[in-house]
Amino acid sequence: MEEATVAHVLVFPCPLQGHVGSMLKLAELLALHHLHVTFLNTECIHNRLTRFGAIEALLECYPTLHFKTISDCYNEGQHPGSRDNSMGDITLSTTLHAKPLLRQILVSENPGTPKVSCIIQDGIFGSLAIDLASELGIRIPIIHFRASSACCFWPYFWIPKLFECKELPIRDEDMDRMIRNMPGMENLLRCRDLPSFCRPSSQGNMSMDWVALQTKQSLEADALILNTFEELDGPILSQIRLHFPKLYTIGPLHHHLNVTKATGILSLRTVFFQVDRSCMAWLDAQPQGSVIYVSFGSSTIVKREELMEFWHGLVSSKKRFLWVMRHDLVAGKGNDDRIPAEVEEGTKEKGFIVEWAPQEEVLAHKATGGFLTHSGWNSTLESLVAGVPMICWPYFADQQVNNRFVSEVWKLGLDMKDVCDRHVVENMVNDLTDHRKEEFLRSTQEMGMLAHSVSPGGSSYSSLHDLVQYIKSASQ
Ligand code: UDP
């Protein structure tokens, strides 16, 4: 029988789909290693997860996993991360609302549950947990988790240096200039490949200064966790380790969880939206590798003109396509005009539209031959594991950098950054699935093999083991 553990980890994500999704997977992995885990959600997120059955299923699966909620300032139906809420607002208001409950959790004694002995906090909250622990005089490990990629964490961290050597700020006419002074990434990123906040046109209160500051605050944490793996990001991780020596790389998290559960089925997916499974029957009826899956994640907004360019390009390519169109995907349209009529009508011949797909399953389906994506980090990892090549059209934050790595470093797809033209879409779809098909098949297969890092003996497997040991030893 497994020894009883006194380790109790508090996991606290930023209330955005990509962050909650990956930190829940981390929480599941820790619970599978018999740690007590308290997962702190905002009410809005918790209600969503409850509505779609995720909380009930998780509680049933993991006896040592518990949830606590903090109030937030969002109404039911108003999704944090939607166009009305900037990242800065979300983190600020969540931090403010979380403090009283965090204080209470950290000092309270509950019969049957060990005291919190470690905090894993979303790195985006900066010094929140460190400040609270110091205010309460508590000395427990505080670990930062970043939901974004390592290849973006590094430029975030390096922003002040880029200013020092005059590579920043950038002007509109600099977009194709190469960034020279970033160790491990010399002459790899063009200005347009830097995180979106570095652009002159960048708006909102998630400014470069703010991103650089909260990244720097991770230096004060006891350890850092990244959702990547050694074989994918080795050179960048060596650079990051120079500043963050206690670094755990345990990704791809979704794959790690699927392999650890060893049930032969995909892990319980964190569901924020009503999943429409009708597309799976449609996929079953399509020839192998014939379908382009199109999804821009949970919060990308496209203009109506852009949507039409994508649609015309897909139709002209004469390929089949499965397209995720969230009801709030298109900017500035009314609810009665959810999908432009010509798109809905014209899609019937070769395409299928859903509001939200079971993405991991779609990517793993044999009919799926390509992914037109916004290069969100979770989507990128899911595509990489499934061996599906990508056409990247990044929206914001780390997506610009992820896109550059997919096309230039990992050779897993094509870069359509800053372009939205039907002819380009058509050509790229045909390149991906016909003209350069063999080349992408080779590189995606090779990369898929490397993702076995999560199997026993692999680098991510060992890193998770080390993380669990570290948490346990700090809880003695
Ligand atoms: N996703 C999904 N169904 C969809 C679209 C997306 O399940 O129809 C999931 C996808 O599998 C991924 C997450 O939503 O895990 C999107 O995360 P990502 O980091 O790629 O982008 P974000 O939504 O944070 O912009």
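Below is a table of values for the structure above.
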| item | result |
| --- | --- |
| Cα gyration tensor shape of the range 417-466, rounded if a/c is under 1.5, else prolate or oblate by comparing a/b with b/c | oblate |
| Average silhouette area of the range 369-476, convex hull of alpha-carbon atoms, in square nanometres | 8.1 |
| Mean Cα-pair separation over length for the chain, i.e. relative contact order, pairs under 8 Å, 6 or more apart, % | 16 |
| Relative contact order [Cα under 8 Å, 6+ residues apart], the range 301-442, whole percent | 26 |
| Between the range 1-54 and the range 451-476, the alpha-carbon center distance in angstrom | 18 |
| The chain: Cα Rg divided by the 2.2 N^0.38 Å rule of thumb | 0.95 |
| Reachable lysines from Lys350, criterion Cα separation under 29 angstrom, eight or more residues apart if same chain | Lys303, Lys318, Lys319, Lys333, Lys366, Lys411, Lys417, Lys437 |
| 5 Å binning of all Cα-Cα separations within the range 84-225, expressed as whole percents from 0 upward | 2, 9, 17, 18, 16, 13, 10, 7, 5, 3, 1, 0, 0 |
| Under 28 Å from Lys99, Cα to Cα: lysines that are on another chain or at least 8 residues apart | Lys25, Lys68, Lys115, Lys216, Lys246, Lys472 |
| For Asp284, net neighbour charge (Lys/Arg +1, Asp/Glu -1) across residues whose Cβ lies under 13 Å away | +2 |
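Each value in this text was obtained by applying a stated rule to the coordinates, not by laboratory testing. Please read all numbers here as calculations on a predicted model, not as lab measurements. Counting neighbours? That spans all protein chains shown, and the Cβs are built from the backbone with ideal geometry, glycine included.
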